[in-house]
Each structure stands twice: as C-alpha cells, then as structure tokens.
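Just so you know, all these numbers are worked out from the coordinates, no wet-lab data involved. Being a predicted model, the structure only gives us computed values, none of them experimental. Don't worry about glycine lacking a Cβ; one is built from the backbone with ideal geometry, like all the others, and counts go over all protein chains shown.
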Amino acid sequence: GLYDGRYAGDQVIRMIPHSYEEVQFLRRLFENLRADLWQPNAASLIRQDGAVDVHVGRGAAQELKGRLRGAHIGHRVLISNLQMEVENQSGSRSSRSRR
Amino acid sequence: SEFQHNYEVYHPLEEIQNWMFEMNRTHPHLVHMFSIGRSFEGRPLYVLQLGKRAQPRKKAVWIDCGAHAREWIGPAFCQWFVREALTSYHMRRLLTQLSFYVMPVFNVDGYVFSWTTDRFWRKTRSKNGRFKCWGVDINRNWRVKWCDEGASSHPCDDTYCGPYPESEPEVKAVAKFLRKHRKRIKAYISIHAYAQMLLYPYSYKYATIPNFSCVEDTAHKAVMALYSAYRERYRYGPASTTLYVSSGSSMDWAYRNGIPYAFAFELRDTGHYGFLLPESLIRPTCTETMRAVNTIASRLLRKCP
C-alpha cells in the first residue's frame, strides 16, 4: 500500500474539552505523548470547547481511549483505519490516465 | 498530444510544475511564470503572474497555497483558481483590472516529502545542525512577534518557529517579493486546511485592526458568497479569537508590511476527513472558495472608507 502501509491500524480520534481541568489534562497528555496533533497543531493551543483531533498509532489508540475514559473526557473516532483513507484519498495513481 | 490536466485529483509537485510551464506556454499574454528563489533542498519556488502585463499602478493580489505540506487541498485550489482565472468571463474581466500572483506550492520540499514519505508532514525540510529533528513551521517563521505565544522554540515541535525569523529560504523569498511589490499588492491570501474558516489579523494579539470595518465587511461578504455555492458554513473573524493566538504568521506580517487586506483560509472540512479530504470534494471546495476569493478581489476595486 501507499507509504509502505505505515498507517495500517492508525486512527484519528476527536475530543472536545469542556472545562479548564479537561484542557489541562489534554495539554499534559499530549505534551508527553508524542502524538500527531491534527488540530490544533500544538498541545499549548488546546482550549476549552475547541476540537482536538489527534492521529495515533494502533497501539497508542487503545491506551489513549483508556486514559480519556479514565478522565471522563468524551471522544469519538473520526478515522478508524488511516491507511484505508490515505489509499482512498488519492486513488491508485496507476488508474490515472493523463493524455 | 494535447496536455490534459485533471483539476479534480491531487498532483505531486512534478505534475504541478509541468502544468505551470504549460499554462505559461499556452497563455503568453495572460500568464508569466517566474521563480522567486530556491527551497532548502534547492527546488525552484515558482510563481504564476496572471493578468495583462503589469502596469506600475495596477493593483495586485497574492495567493499562496501549500505552506503546510499535508494540506493538499491548498495546491489543488491554486490550480483550480488559475484555470478559472484564465477561462471564466468574470475572471477575465477582473484580470484587466488586477494582477494575481499565485504560488501553488509554497513549501515545495515538505510537499514532496508528504507524497513520498510522511503523508502528515507539516513543516519545511530544513535541518538545524544541533538537533535531530527536521523542519520549521512556515507559518511561525515570519518577522512579526516571532516565536512568541502560539509558537514553539523546540525543533521537534510542529509549530517550531525556526532558529531566527525568515530562517527558511522559502519564507525569505516570499517576504522579499512581497516587500518589493508592496505598493501594488493590496490583498494577501494564504490557503490552509482544515477547519472551514476565513481569518484575518491579528493572530498574535487580541486587538482590532485599524481598518476593521472594511476587512470585516469583506470577510462577511466572502463567506456569504462561499455559502451560496453549497451552503457550507465558514466561520470568520480575527485569527486570535476565531482559531487561536499564534505568532510569526505570514498573514500578520503581510498586514504589518502594508497590505490592507490579509486573509488566511482554512478550507474543508471540519474534521470528518481532515487532511484526507477525498478528491471527490475538490470540485465543491474549490468552487465555493473561488466565490469567496472573487469577492475579496472585487472589493479592492472599490474604495472603502
């Protein structure tokens, strides 16, 4: 697959902190956990009622969900298999015909 | 064989540059292609100037796409814009009164890297000798409140501001060009994704710009025009309160450098696909954004108190 299949099993998870405490929890979490923040682009930019989208590897996804449940922070999976979406987005280049 | 360019798919850098050469070749009276410098890895930084030969007093609009490598819808929009500018009657009329400078891929090295190695790469590909991490955030590297709130001084962070302002050759080249042409360039537009927003200064502080009423009214009209296409809602307002505070951004620098209308678009979507916006959504996203950019450009032709 594209990129040697490196995103197989990766997920994008969304959470929205609704309190100061939840904001601080997420900032600490993502300052330590080397995660790929899609929005905002840095843990320091996380703010109350602002969407936080993070791309995590397959292993980290379960750990992250466990930590969020433990902190009673609501979350949902935006992309359950990133590799598939990567493949879907730019189609298979070989199928492209360019005269 | 006739050159066919598919505007509804994402293209790697080489195909985009071939397309630029073809636009330049096939529209000698409306298109002028030139390079404003070279990237860290030595790639040319190409710009297309659209419009009848620039008269000294003709107003101009600057549009850059692809500052952040993973935001592929940006370069797709710049290609779409050029095609529309050269084919639609309304835009052709606009080109008699305005020039457009279009930079389809600002961060050429990062864009190539996002096609070949890391689809979610954001920064440039410069290397700071002392650290193991690569790249600087192009939108934190400008000489305006550089490396203050909302930027990171750590080279491994995605919002790394760089070792010094304009450290990135890509930023330095664009800043030099905008400084040189600032008397003519009346609007600066930078295309990003995703969040569906139209942002204007300031990013680096919670203050109101002096020409707020004109800019606010233009942004309002632009998002209304965008909405008229497919009823997609874009939020709009000062970046610091609409998105978050960030320092060293190109939009703030352009505004501080005398360009009265400076905007940053965050295109579709709001998070369902994120950076992986499917090719099937290129058409509606670019169509609606064309209407917004047209509104901004047309605004320059009228006086605002």
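Couple of notes before you dig in:
- Approximating the spin labels as points 7 Å out from Cα along Cα→Cβ, the residue A:65-to-residue B:304 distance works out to 4.7 nm.
- Between B:247, B:227, B:209, the Cα set farthest toward the positive side of the dipole of the stretch B:196-249 (charges on each charged residue's Cβ, about the Cα centre) is that of B:227.
- DSSP beta bridges in chain B [antiparallel fraction, %, rounded to 5]: 35
- Overall form of chain B per C-alpha gyration tensor (a/c, 1.5; a/b vs b/c): rounded
- Shape call, the stretch B:1-64: gyration tensor on alpha carbons, a/c limit 1.5: oblate
- In the protein assembly as shown, the calculated helix contribution to ellipticity at 222 nm averages -11000 deg cm²/dmol per residue, counting -39,500 (n - 2.57) for every DSSP H run with n ≥ 4.
- Sparse-neighbourhood loop sites, trypsin sites (Lys or Arg not before Pro) in the stretch B:100-138 - DSSP loop, at most 14 other Cβ within 10 angstrom: B:130, B:132
- For the stretch B:197-305, the square roots a ≥ b ≥ c of the C-alpha gyration tensor eigenvalues yield an a/c of 1.5 or more together with a/b not exceeding b/c, which makes the shape oblate.
- Within chain B: Cβ-based charge dipole about Cα centre, in debye rounded to nearest 20 (Lys, Arg +1; Asp, Glu -1): 1460
- Near residue B:135, once Lys and Arg are set to +1 and Asp and Glu to -1 for all other residues with Cβ below 13 Å from its Cβ, the sum equals -1.
- Dipole axis of the protein assembly as shown (+1 Lys, Arg; -1 Asp, Glu on Cβ), positive-most option in B:24, B:188, B:99: B:99
- Normalised by the number of residues in chain B, the mean separation of alpha-carbon contacts (under 8 Å, six or more apart) gives a relative contact order of 20 percent.
- Those residues of the stretch B:72-90 whose amide nitrogen sits under 17 Å from the label point placed on residue B:22, 7 Å along Cα→Cβ: B:76-87
- Taking a straight Cα-Cα cut-off under 21 Å and skipping sequence neighbours fewer than 8 places away in the same chain, the lysines within cross-link reach of residue B:303 are B:58, B:59, B:183, B:186, B:221.
- The separation of the stretch B:155-178 from the stretch B:29-107, counted between C-alpha centres, amounts to 21 Å.
- Scaled to the globular estimate 2.2 N^0.38 Å, the Cα spread of the protein assembly as shown, given as radius of gyration, is 0.95.
- Whole-Hz couplings from phi, Karplus 6.51/-1.76/1.60, listed for the stretch B:271-279; x for Gly and Pro: x, 5, 9, x, 6, 9, 4, x, 4
- Counting only DSSP beta bridges with both residues in the protein assembly as shown, the antiparallel share comes to about 50 percent.
- Kirkwood radius for the stretch B:1-126, taken over all pairs of different Cα atoms as the inverse mean of 1/r, rounds to 15.0 Å.
- Inter-site label distance for residue B:212 and residue B:256 at 7 Å from Cα along Cβ, in nm: 2.0
- Note that the stretch A:32-39 has calculated 3J(HN,Hα) couplings of 8, 6, 6, 10, 8, 6, 8, 8 Hz, one per residue in order, obtained from phi through the Karplus relation 6.51 cos²θ - 1.76 cosθ + 1.60 (θ = phi - 60°); glycine and proline are x.
- Test item: Cα-centred dipole of the stretch B:72-122, Lys/Arg +1 and Asp/Glu -1 on Cβ, debye: 200
- Remark: spin-label model distance residue B:153-residue B:34 equals 3.8 nm, labels positioned 7 Å along the Cα→Cβ axis.
- Partnerless cysteines in the protein assembly as shown, where a partner means another cysteine C-beta under 4.7 angstrom, comprise B:286.
- Here's how it looks for residue A:78: its modeled amide H is under 5 Å from those of A:12, A:13, A:14, which are all 5 or more places away or on a different chain.
- Only Lys, Arg (+1) and Asp, Glu (-1) charged, at Cβ; the protein assembly as shown dipole about Cα centre in debye: 1600
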